[in-house]
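Some notes on the structure that comes next.
A short reminder: the numbers here are calculations on the coordinates, not readings from a lab. Just so we're clear, the structure is a prediction, and the values are computed from it rather than from any experiment. A quick note on method: Cβ atoms are made from the backbone with ideal geometry, for glycine too, and the neighbour counts reach across all protein chains shown.
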Amino acid sequence: MVIDAQVETVTERATRSHALTGKAGLEVATALLMQPERAAAVRELAREVGRSPSTVSEILAALRRDGVVDARNAVSGTDLFWQVAEHWPNRRVHLASLPSPGDATLIRPLRLGLDSTGNEPGWALTDSAAAAAYGAPVAFRSGQVLDFFVPDHSIVRRATTLLGAAASDRQALATVRVAPVPAVVQHRVDVDANHLEWPLAHPLFVALDLAQDTGRGHEILDMWTPDERWTRVW
C-alpha cells in the first residue's frame, strides 16, 4: 500500500544564530569581501569555498538578516569587514631565523611556493611589511620581523624544527600562523613595489591583520586605499 500525502515536519531545521560562527562563516564572508560588488550565487560561492550549498545558503541568509549584504548577496558598507576582524585569529609562532628564498633545501620541505604564486598554496607575507609594499602609510624598516601565513599546521611544526623557535618575540626574525581561510594562501599577490621577494597576502587579509591593532592599525586603515585592482571594504 502506498499513501501519497503531504506531512508537516515535526521540527524545523535550526537557523544559524551568527553568520561567522565556525570556519565556514569566515570562508564565505572573506570570499564576499574579496569581490564585494558581485552578486554571489549560492552554488557558485559553494564551489569557490568548497562548502555545501546548504551551508553557504544558511550563512548568506544570516548575513542578509544582519544587513551586511544586500538581496543580491553583494557587500553593503564596511560592517562585514569589521565583524570578520573581530573573529580574525592573530596567534603566531615566533621563529629564530628566516628562510631564504634562494635556499633550495627549504623550498620544498616548507612549501614556500615562491615560483607558483597563482597556481598552488604557499607562504604569504602579511601585516606591516605587506601593507608597506601595497603603499599603505606604515613605516617598515630593514630587519623588522616578517609575518607569514602558511597553508597548514604541519608547515608550522616543520618551520619550527628547521628554523628554530625564538626565545621571545623580541628575538624573532619571522612569525608563522596557519591561514584562517584557504584563500589567504591560494590568492597571493606579486607587486613591483615589493622588494622583499615574498608573495603578498591579498590586501583584504593584510587589512584584517592591521585591524587587530585598535590604535595605530586603525589609523593606517583610515588612510589606506589600495589601488584600482582592489576595492576598499574597511
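Brief remarks on what is shown
- Separation in nanometres of the label points that stand 7 Å from Cα toward Cβ, at ASP192 and ASP115: 2.5 nm
- Across the chain, the relative contact order, built from alpha-carbon pairs under 8 Å that are at least six residues apart, equals 22 percent.
- A crude spin-label estimate for the pair HIS153 and THR225, with each label 7 Å from Cα along the Cβ direction, gives 4.3 nm.
- Peptides 58-69, 34-45, 221-232 ordered by average Cβ neighbours within 10 Å, highest first: 58-69, 34-45, 221-232
- Share of Cα-Cα pairs in the range 89-223 lying beyond 19 Å, as whole percent: 47 percent
- Computed across the range 23-86, the Kirkwood hydrodynamic radius from all distinct Cα-Cα pairs reaches 11.3 Å.
- Taking every C-alpha pair closer than 8 Å and separated by at least 6 residues, the mean separation divided by the residue count of the range 23-86 gives a relative contact order of 37 percent.
- Cα-centre dipole for the range 23-86 with unit charges at Cβ (Lys and Arg positive, Asp and Glu negative), debye to 20: 240 debye
- Ranked LEU210, LEU106, criterion: other C-beta atoms within 10 Å, fewest first: LEU106, LEU210
- Among the listed values (i) 36, 21, 16; (ii) 28, 22, 19; (iii) 28, 19, 18, the one matching semi-axes √(5λ) of the Cα gyration tensor in Å as calculated from this structure is (i).
- Charge tally in the Cβ shell below 11 Å around PRO53, where Lys, Arg are +1 and Asp, Glu are -1, PRO53 excluded: +1
- Model label zone, ALA139; criterion: amide N under 16 Å from point 7 Å along Cα-to-beta-carbon; scope the range 188-221: 216-217, 219-220
- Going from the residue with the fewest nearby Cβ atoms within 10 Å to the one with the most, HIS218, HIS94, HIS202, HIS18 rank HIS18, HIS218, HIS94, HIS202.
- Summing charges over neighbours of ALA129, with a neighbour being any other residue whose Cβ is under 13 Å away from its Cβ, gives -3 when K and R count +1 and D and E count -1.
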